[in-house]
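Input: a single structure, listed below in structure tokens.
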Amino acid sequence: MKRRQFIRSTSLGAAAGTVLAGCGGQSSDAPAVQSSTPTLRWRLASSFARSLDTIYGAAEVMSARVSQLTDGRFTIRVYPAGEVVPAFEVLDSVQKGTVQMGHSAGYYYIGKNPAFAFETTIPFGLTARQYNSWVYEGGGQEILRELFADYGVLNYPGGNTGAQMGGWFNREINSLLDLNGLSMRIPGLGGRVMDQLGVTVQQIPGGEIYPALERGAIDAAEWVGPYDDEKLGFNQVASYYYYPGWWEPSANLSFFVNRQSMQGLPSAYQAALEVAMAEANQYMLTRYDALNPPAFRRILDSDVALRSFPKDVMDAAYTMSQDLLEQERSNPGFARVYDSFLAWRRDSDEWIHTAEYEMLSYMNSQRKSV
Ligand code: CA
């Protein structure tokens, strides 16, 4: 009888422990099993507006998957830009632990360290596929992680936009001279190159570009590409749509995780989070690749004039980009990541330009001849 009672009370105890864990209880005499499946609620600050279902949505895809993989015990609430943290202060907030993680772009923080540009992209840099291969297979992740270690932050790929457009202009750019005095929203090292080309560069979060363009506070703006740009309404307030976005042959977004918060997670939760972030990384690029073509067609069918940048603009931008990147070599951290990046691009370009680019180039000539 005593033995039966003992078994019953033990079972009840275990059941109570499960309930406690499910309700977020942190009882000090909790069974050991609780420590591997605690109920945890994290906050994620995004740099992006909720209306952008691709770029903002990747964080929600990640969050939903983490919850699913942990039977709802580990939940991450996603906050849009400005709700708990301003768009360009996400990294700082993760560093301080105000939020456990963020979703942002490394190149928003080049004021802290210019090498953070490589976390997102550099002008005339890598395509999305090249970037992912460098990060996952080419040592890019390790070398970038050293940059963020000083901030107590772990960085993970968090989605890629693919190649971007050159943005929206309220007047035609017929030569390099037309850039002089132009006021443009453009972040990262691309902004610094534009500054050298005579542009007045503005840093404006994605969700605030439209009013600035509409009221004439800026003459031009770049964001991502047709789907997002149409969603933000740029086609209603600017007449010329330029390509290519030479400053962003792709753009990697990042999940930033407070290192101490990550280390405090049970290993199964760490794995769930890493798997979910990798899924979100793929999700964003495939979404953009699916949504951009029809949006591009709609824009082509509208009054907007599609233009390519003149060759003197492209050549000056290329030369200025190389000069600027070389100047930054005085920063040892920058030189280390740049060398890794360049070596990867050299080998990758040789292969991809031979096999895939030649095929695409031929198919493009057929398409244009139809
Ligand atoms: Ca952009």
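What the table shows:
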{"item": "Hz values of 3J(HN,Hα) by residue in region 153-158 - Karplus curve (6.51, -1.76, 1.60), Gly and Pro given as x", "result": "10, 9, 10, 9, x, x"}
{"item": "Computed E for Q366/Q141 - FRET, C-beta separation, R0 25 angstrom, nearest 0.05", "result": "0.05"}
{"item": "Ranked order, V99, V201 - accessible area, probe 1.4 Å, largest first", "result": "V201, V99"}
{"item": "DSSP loop GluC sites (Glu not before Pro) with at most 16 other Cβ within 10 Å excluded, longest remaining stretch of the chain", "result": "173-370"}
{"item": "For K112, solvent-accessible area (1.4 Å; no DNA, RNA or ligand), Å²", "result": "80 Å²"}
{"item": "Label-point separation in nm, A212 to T319, each point 7 Å along Cα→Cβ", "result": "2.9 nm"}
{"item": "Extension gain (nm, one decimal) between S175 and E358, 0.36 nm per residue minus Cα-Cα", "result": "63.0 nm"}
{"item": "Three-way shape call for region 190-341 based on the alpha-carbon gyration tensor, with the a/c threshold at 1.5", "result": "oblate"}
{"item": "Inter-centroid distance (Cα atoms) of region 191-230 relative to region 67-94, Å", "result": "26 Å"}
{"item": "Cα-based Rg of the chain normalised by 2.2 N^0.38 Å, two decimals", "result": "1.14"}
{"item": "For the chain, accessible area per residue (1.4 Å probe, heavy atoms of protein chains only), Å²", "result": "47 Å²"}
{"item": "Segment S183-E350, extension gain: residue separation times 0.36 nm, minus the distance between their alpha carbons", "result": "56.4 nm"}
{"item": "Stretch gain in nm, segment Q236-A268, where the contour uses 0.36 nm per residue and the Cα spacing is subtracted", "result": "6.7 nm"}
{"item": "Inverse mean reciprocal Cα-Cα distance (Kirkwood Rh) of region 42-165, Å", "result": "15.2 Å"}
{"item": "On Cα atoms only, tilt of 2-23 relative to the major axis of the chain in degrees", "result": "20 degrees"}
{"item": "Accessible-area ranking of D228, D312, largest first, probe 1.4 Å", "result": "D312, D228"}
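The values are calculated or read from the model by the stated rules, or taken from the named source; none is laboratory data. On a predicted model such as this, the values are computed, not experimentally measured, just so you know. For neighbour counting, all protein chains shown are included, and Cβ atoms are generated from backbone atoms with ideal geometry for every residue, glycine included. Heavy atoms of the whole protein, side chains included, go into the accessibility calculation; ligands, DNA and RNA do not. Shrake-Rupley method; radii C 1.70, N 1.55, O 1.52, S 1.80 Å.
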